[in-house]
Amino acid sequence: SQFKKYQKEIILINKQDALINGSDLEKRKATDLAEKEIVRRFIEQKIEAYQEEHSAKEIRSWIEEEYCPQGSNSRIDLVWKNTPFEFKKEVTNINAVVGQILCYIPFLIKEDRFLNDKKECVFNLAIYSKPSENLKSLINTINQTVKFGDVSVRIQIIDLHEKYSKLFSYPKTSEEKQISILAA
């Protein structure tokens, strides 16, 4: 009877423990959020972090969800302050993920706003689990060798569980549950 009384709290504590202290497999299992939900939560967290010093209108001008680069039919999950982000729940095929990002780069270069002062096109790959050594190695090689004309590529890996753990720490909202139902 005590378990039934506190079942929701126990499940949340177990989920939180898996997200913080669990293995990569346990973290992935505890993460039952779809990519769109994580992108939305990521945006909310960014807005919250900047809202004291910036207006809501200014912050919203930094956000472009499902951005379609000019001349391309592909969609990038998020552009935050002129930096593209691709969110991946799992990276099982590292070549496909890195290849997808590299396909965006020529289109982003044409738009010029995606280049920093060092003539680099920076692209963030946000993943739910610890990046594999193979993924890190491939991205390191790409960053050191790939250029489009005089523009270098810099892909950055963001381990969401490590850097933005709060994205996963609270249960699904009713809106997120509805999104999950519609997606199924």
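The table below gives the values:
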read-out: Karplus (6.51, -1.76, 1.60) ³J(HN,Hα), θ = phi - 60°, over the stretch 108-118, in Hz, Gly and Pro reported as x; value: 5, 4, 4, 7, 6, 5, 8, 9, 8, 5, 8
read-out: Pairwise label distance in nanometres, S1 with E44, each label 7 Å out on the Cα-Cβ vector; value: 3.6 nm
read-out: Overall form of the stretch 38-173 per C-alpha gyration tensor (a/c, 1.5; a/b vs b/c); value: oblate
read-out: Percent RCO, i.e. relative contact order, over the stretch 75-121, from Cα pairs under 8 Å lying at least 6 residues apart; value: 25 percent
read-out: Label-point separation, R75 to I94 (7 Å along Cα→Cβ), nm; value: 2.9 nm
read-out: Full-stretch length increase - Q156, E120 - with 0.36 nm per residue and alpha-carbon distance subtracted; value: 11.8 nm
read-out: FRET efficiency for C68 and K147, using Cβ-Cβ distance with R0 set to 35 Å, rounded to 0.05; value: 0.90
read-out: Contact order normalised by residue count of the stretch 35-135, Cα under 8 Å, 6+ apart, percent; value: 23 percent
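No lab work stands behind these numbers, since they all come straight from the coordinates. These numbers come from a predicted model, not from an experiment. Neighbour counts run over all protein chains shown; Cβ positions are idealised from the backbone, glycine included.
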